[in-house]
Amino acid sequence: MAGKVVLVGAGPGDPGLITVRGLEEVRRADAVVYDRLVPAEVLQEARGAELYYVGKEPGGSGPSQEEINRLLFELASRGLRVVRLKGGDPLVFGRGEEECLYLASRGVECEVVPGVPSYVYAASRSMAALGSRLGSHSYTVATATLAGGSFNEGLARHLEHSDTLVVLMGARFAERVLSSAASARGWELPGVVVYRGGMEGERVIVGSLRDLLEAYRRGEYGNPSVFILGGAAGVAARLQGTLHRP
């Protein structure tokens, strides 16, 4: 009898931010296939399950997507209940849809349990209100890294149509991300970077694009980071000095 694969979003890194349903699925799993940024505390809840690490390191080294797809299928074919545990949300640049399509085409049931996306955490942590009457009536979420690892040259155009641009997977292209945004709205545009959001060593940096560029060159942030550029970052800047970050 074929098993089942449940894609679970583990959230942004803080083990307390996985959903109740997601944690239940981890505890029920026969096998857990997990990514690099999944908290160790969450994995400890998978008592007795087979654990398979398939994380990709910065720069792209690690199992290919095809290899991960095959592993999920092989485990499900053994009749196991498989949890595919991903950081953030499985369908927000998480390739969950690719895995479900692969499995469904081979007769394996696939279900998705949502998680808190990294950018939602970053916005809340920095008080960069993505939807706000104070300056962010719209926002766009984009990736800086395209298939094959190339830079998304179209980032700037999003700032022509949205008050706020959220950039994921952009740390290794930080200078190009910031230069692209500056080409659309100028170097004084407000921005936020949340580095290692929800994890040990978390850092929130608020300033102009020029400030964020200088901070990057000083080595103040790297991978993983979320960029919030434009109106929502302006709201965060107005709130500086009022924030309490335990």
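The values are calculated or read from the model by the stated rules, or taken from the named source; none is laboratory data. All values reported here derive from a predicted model rather than from experimental measurement. Using ideal geometry, Cβ is built from the backbone for each residue, glycine included, and neighbour counts are taken over all protein chains shown.
The set of residues in segment 205-228 that are among the aliphatic types (A, V, I, L, M) and surrounded by fewer than 21 Cβ atoms within 10 Å (Cβ to Cβ) comprises I205, L213, A215.
Check V177, V194 and return the single one that is within 27 Å of P15 (Cα to Cα), hydrophobic (A, V, I, L, M, F, W, C), in contact (Cβ under 8 Å) with a residue 24 or more places away in the chain and in the same structural domain as G131 (by TED's automatic domain parsing).
Values: V177 fails: within 27 Å of P15 (Cα to Cα).
Only one candidate passes the filter, namely V194.
When segment 37-71 is limited to residues that are basic (K, R) and at pLDDT below 95, the one that is surrounded by the fewest Cβ atoms within 10 Å (Cβ to Cβ) turns out to be R47.
Scan segment 55-70 and tell me whether some residue there is hydrophobic (A, V, I, L, M, F, W, C) and touching a strand residue (DSSP E or B) at 6+ places or on another chain (Cβ under 6 Å). No, there is no match, as no residue in segment 55-70 is hydrophobic (A, V, I, L, M, F, W, C) and touching a strand residue (DSSP E or B) at 6+ places or on another chain (Cβ under 6 Å).
Within segment 144-154, is there a residue that is out of contact with any strand residue (DSSP E or B) (no Cβ under 6 Å at 6 or more places or on another chain), surrounded by 15 or more Cβ atoms within 10 Å (Cβ to Cβ) and among the aromatic types (F, W, Y)? Yes.
Listed here are the residues, each with its yes/no results for (1) under 15 Å from E99 (Cβ atoms); (2) touching a helix residue (DSSP H, G or I) at 6+ places or on another chain (Cβ under 9 Å).
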site	(1), (2)
G3	yes, yes
G16	no, yes
G22	no, yes
V26	no, yes
D30	no, yes
Y34	yes, yes
L43	no, yes
G48	no, no
Y53	no, no
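Restricting attention to segment 5-14, the residues that are in a loop (DSSP other than H, G, I, E, B) and in contact with a helix residue (DSSP H, G or I) (Cβ under 6 Å, 6 or more places away or on another chain) add up to 2.
Among the residues of segment 139-161, those identified as part of a loop (DSSP other than H, G, I, E, B), under 20 Å from the mean Cα position of the chain (by Cα) and closer than 19 Å to I228 by Cβ are A144, N152, G154.
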